[in-house]
Structure formats: structure tokens, C-alpha cells
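Please treat every number below as a calculation from the coordinates, not as lab data. The model shown is predicted, which means the values in this text are computed figures rather than measured ones. Virtual Cβ from ideal backbone geometry, glycine too; neighbours counted across all protein chains shown.
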Amino acid sequence: MIYSDIAITAFAIAVMADLFLFKNSLLTRPAFWTSYAIILPFQLLTNWWLTSKNIVMYSPDAIVGLRIFSAPAEDLLFGFALVLSVMGMWEFWGRRGMQRDPNPNKARGKN
């Protein structure tokens with residue numbers, strides 16, 4: 001499996017998890033797209049730095065060949081999948097009451 005195939009698979013799994021597993025439908029919300037628009041420039045900057053300094057290198061045979069800010073276009077799919085998955089899990093577990101302290105008022109002396 002080449003890098004492009006893995007990136008497309010990660011993207012597809014993240015979208016399916018959002019729509020069918022977590023049932024968050026983040027992809028239909030303006031807040032998700034606003035968040036992603038804020039994150040994307042930093043992802044592009046980081047990808048550019050890592051690839052232009054040859055810290056991360058890709059075999060030309062493993063990628064499609066299209067580069068955005070010197071990083072393979074497939075990196076955008078991975079970044080999107082990561083952001084969507086993390087936000088999806090955050091909301092999924094938050095709806096189920098998962099939090100660091102199950103009774104935050106108790107620590108403050110309130111009941």
C-alpha cells in the first residue's frame with residue numbers, strides 16, 4: 001500500500017466514523033469548518049518546514065506527485081482525518097460524560 005492509498009483510507013475512515021460511528025455530523029457544521037480553516041494554515045506551515053528542510057522525505061513512487069508548500073497533497077488528507085477524528089472523539093465522549101473530574105464541584109468544596 002502506498003502513501004496515497006493510506007491517506008485516502010484514513011480520510012474515508014474519519015468521514016465514516018463521524019457520520020456513522022460517532023454520529024456527530026461535524027462535517028455539516030460551520031463550527032467544524034471554521035476550526036479547520038484556522039488549523040489548515042498551521043498544518044501547511046509545519047508541512048512546508050518539515051519537507052523543505054528534508055526532515056521528512058517522501059519517495060516519489062509513493063505519492064501522487066502534487067505538492068502543496070513542498071509537502072505531498074496527501075498530507076492534507078491525513079491532517080483533515082486527524083482533526084476530524086480528534087474533534088469527533090472529543091464530542092462523542094463529552095456527550096457520554098467523560099471528563100477529567102466527574103464531580104468538579106466536589107474539589108471546590110461544593111456539593
First select every other residue whose beta carbon is under 13 angstrom from the beta carbon of Tyr3; then total the charges, Lys and Arg +1, Asp and Glu -1. -3
Computed over the Cα atoms, what is the radius of gyration of the chain divided by 2.2 N^0.38 Å, N being its residue count? 1.37
Working from Cα positions, state the angle (0 to 90°, nearest 10) between the long axis of helix 74-95 and the longest principal axis of the chain. 10
Within the chain, which is the longest segment containing none of the trypsin sites (Lys or Arg not before Pro) that sit in a DSSP loop and have at most 15 other Cβ atoms within 10 Å? 54-95
Once you've got the GNM for the chain with C-alpha springs shorter than 10 Å, pick whichever of Ala31, Ala17, Ala81 has the biggest mean-square fluctuation. Ala31
Relative to the present Cα-Cα distance, how much length would full extension add between Thr9 and Asp61 at 0.36 nm per residue of separation? 16.9 nm
Per the 1/(1 + (r/R0)^6) rule, R0 = 35 Å and r from the Cβ atoms of Leu27 and Asn54, FRET efficiency to 0.05 is 0.50
18 Å cut-off, amide nitrogen to a point 7 angstrom out along Thr34 Cα→Cβ, residues in region 63-99: 84, 87-88, 91
Relative contact order %, region 3-96, counting alpha carbon pairs below 8 Å whose residues are six or more apart: 44
How far apart, in nm, are the 7 Å Cα→Cβ label points at Met89 and Leu45? 2.6
Local charge sum around Arg29 (other residues, Cβ-Cβ under 11 Å, Lys/Arg +1, Asp/Glu -1)? -2
Scoring only Lys, Arg, Asp and Glu (+1, +1, -1, -1) among other residues with Cβ under 12 Å from the Cβ of Asn47 yields 0
Test of understanding: ordering Glu91, Glu74 by Cβ neighbours within 10 Å, fewest first, what list do you get? Glu91, Glu74
Using only Cα atoms, tell me the angle between helix 3-16 and the longest principal axis of the chain; keep it within 0 to 90° and round to the nearest 10. 30
